[in-house]
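The next block holds one structure in the form of structure tokens; read it before the comments.
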Amino acid sequence: MNPSSNNQEIFTEWMTEYEKLLRHIITGFEAKPAIQDELFQEIALNIWRALPSFRHDSAVKTFVARIAHNILATHVSKAVKSVKVDQDIDALNQEAEKDQIQPTPYQSLDKEQRQARLAKSIRQLKLDQQQVITLALEGMSYQEISDVLVITTNLVGVRLQRAKAALIKLMEAV
Amino acid sequence: MNKDESPLNEKGKVILQTKSQAEPLLDVTTLPKSSHTKPLDTSVIDEQWAEMTQDWQSQPFVKTDINKLLRQTKQRTLIAKLLLSLDIIATIGMLVAGIYMWINNTKDEATMIYLGGGGALSVIFVYFAVKFRVTAWRSNCGSPDKAIEHAIAGCMSSLSYIKLIKLFCFVICPVSNWYLFTASQHMSKSPMFGFIFLNVFIISIWLIAHTFYARRMKELKFLKSIDSK
């Protein structure tokens, strides 16, 4: 089997296995479906390019998540305009929601509303908090998160605690 | 408990070595002073966290056609490689043509200078294009925690590239006009249209580059502001 077709098989296998993880992570950074798709393709492209250099010194999940987080962190830090537009849209959505539903505790909302509120609140967090929270919500351990973000496990713990507290406050405030 | 063993005294025992180690302690010293801010109960956090995790992991998503994605990804990689190859081939072609004309003592000196000079400038462009792509590529495999630093580096690299294009416009403008003027002396038709087209084209490139420059500068300012926080 030549290396190219071998890479194609690995790529297909990885993308099938981690598509859900990638889609979820993207939701925590970007609200617009069209841009989410662009980001997914950008991540896929970078995984494809990085595939030959993968040396199995880390787990595939960590490798894939690290590439995704790099793309998303760059996207968030560059999206000056996009953030502004998002905030405008969010403000409009908030107005609309206030008209439709009374402020209720998180538990009393239906699943779809909770998921939408959760994603929206995550997008309002600071970048470093977004990073740890999206990985922790995927069930990653401190060690895995530290491998993805290349920070110490202690720092993961500190950031995660702060992020959780900030997230719950945001969820209550929305 | 011995007074010295109290957790309250732990802070005094810690020797700060890195920024990351310092962060947990900074949190203690920067506790909210406002009486309106109540710290959240950890049991409330844990309870809600379990629910959030369930909600997050059960989020629906649109399934991607992975084979189509693979085709698109390969196509994009191929196009990027093709564009870079074209740049390199064009550069080599210009240099080879210029050198060939020089060796053969051509009478068309204007074309020879134009091709040789253009080829030399193109080498600089290709160098920067490759450097820019390699920098962007490496940053995607590095630490996401340093994403802002990478973005700043990428932005600065991009600004250097744009500055080069703007500078190139100033260099190429007189050279091209001179070349057109020299070439038109052997023609019967008026070169006016050629001059207008050439100069409008160069001005357009400069303006487009300047627009991108202003956009990147705005981006850099924003990135530096979030990096300093």
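The values are calculated or read from the model by the stated rules, or taken from the named source; none is laboratory data. Everything numeric in this text was worked out from a predicted model, so none of it was measured. When we count neighbours, we look across all protein chains shown, and the Cβ atoms used for this are built from the backbone with ideal geometry, even at glycine.
Answer yes or no as to whether A:Leu170 is more than 7 Å from every other protein chain (Cβ to nearest Cβ) and in a helix (DSSP H, G or I).
Values: more than 7 Å from every other protein chain (Cβ to nearest Cβ): yes; in a helix (DSSP H, G or I): yes.
In short, yes.
In segment A:137-151, of all residues being facing another protein chain (nearest Cβ under 8 Å) and either of a type in the set (A, V, I, L, M, F, W, C) or within 21 Å of A:Ser77 (Cβ to Cβ) (or both), the one that is surrounded by the most Cβ atoms within 10 Å (Cβ to Cβ) corresponds to A:Val148. Checking each residue in segment A:128-154 for being more than 19 Å from B:Trp49 (Cα to Cα) and either assigned to a loop (DSSP other than H, G, I, E, B) or touching an Asp or Glu at 6+ places or on another chain (Cβ under 7 Å) (or both) picks out A:Leu149, A:Val150, A:Ile151, A:Thr152.
Number of residues in segment B:75-115 that are at pLDDT 85 or above and within 14 Å of chain A (Cβ to nearest Cβ) equals 3. Scanning segment B:190-207 for residues that are farther than 16 Å from B:Ile113 by Cβ, at pLDDT below 85 and not in a helix (DSSP H, G or I) turns up at least one hit. Under the condition of being of a type in the set (Gly, Ala, Ser) and more than 11 Å from chain B (Cβ to nearest Cβ), which residue from segment A:19-57 is farthest from A:Thr74 (Cα to Cα)? Checked segment A:19-57; the qualifying residue farthest from A:Thr74 (Cα to Cα) is A:Ala34.
The lone criterion from (1) assigned to a loop (DSSP other than H, G, I, E, B); (2) without any contact (Cβ under 8 Å) to a residue 12 or more places away in the chain left unmet by A:Leu125 is number (2).
Taking the options B:Ile152, B:Ile162, B:Ile172, name whichever one is touching a residue at least 40 places away in the same chain (Cβ under 8 Å), touching a Leu at 6+ places or on another chain (Cβ under 9 Å) and under 22 Å from B:Gly118 (Cβ atoms). Before the answer, list the steps.
Working: B:Ile152 fails: under 22 Å from B:Gly118 (Cβ atoms); B:Ile162 fails: touching a Leu at 6+ places or on another chain (Cβ under 9 Å).
B:Ile172 is the lone residue from the list that is touching a residue at least 40 places away in the same chain (Cβ under 8 Å), touching a Leu at 6+ places or on another chain (Cβ under 9 Å) and under 22 Å from B:Gly118 (Cβ atoms).
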